[in-house]
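One structure, pasted below without further comment.
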């Protein structure tokens with residue numbers, strides 16, 4: 001198989017509805033997704049820059065979550081939602097202690 005033959009097959013979570021109590025987690029998880037991403041970039045030598053520059057390792061999203069543009073927050077929220085929905089789809093229960 002070559003790279004051009006790859007066809008992704010994500011778990012279909014389209015019918016999974018998050019319970020209201022889990023919706024409260026989305027923003028917390030999204031914030032943590034960003035923190036993990038940012039820490040990884042910083043560990044790789046990236047720093048803040050107003051424009052992305054792969055050669056200089058500058059990235060405009062190396063800022064606190066609250067300072068991110070809404071479209072970047074939405075990307076992190078989508079990751080959080082899909083993670084929660086996948087956990088549920090796989091048969092796991094999520095509950096707060």
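Kindly express, to the nearest 10 degrees and within the range 0 to 90, the angle between helix 20-43's C-alpha long axis and the longest C-alpha principal axis of the chain.
So the helix axis and the longest Cα principal axis differ by about 30 degrees.
Now for a different question. Rounded if a/c is under 1.5, else prolate if a/b is larger than b/c, else oblate: which is the stretch 1-42, with a ≥ b ≥ c the root eigenvalues of its Cα gyration tensor?
oblate
Counting only the backbone N, which residues of the stretch 73-97 are under 15 Å from the spot 7 Å out from the Cα of residue 11 toward its beta-carbon?
79-95
Taking 0.36 nm per residue of separation and subtracting the Cα-Cα distance, what length does fully extending residue 24 through residue 67 add?
13.5 nm
Extent of the chain along each principal axis, from alpha carbon coordinates, in Å, largest to smallest?
Sorted largest first, the three principal extents are 44, 42, 22 Å.
Any read-out appearing in this document is the output of simple, stated calculations on the displayed coordinates, not a laboratory observation. Fair warning: this is a prediction, and the values are worked out from it, not measured in the lab. Cβ coordinates were reconstructed from backbone atoms using ideal geometry, including for glycine residues, and neighbour counts include every protein chain displayed.
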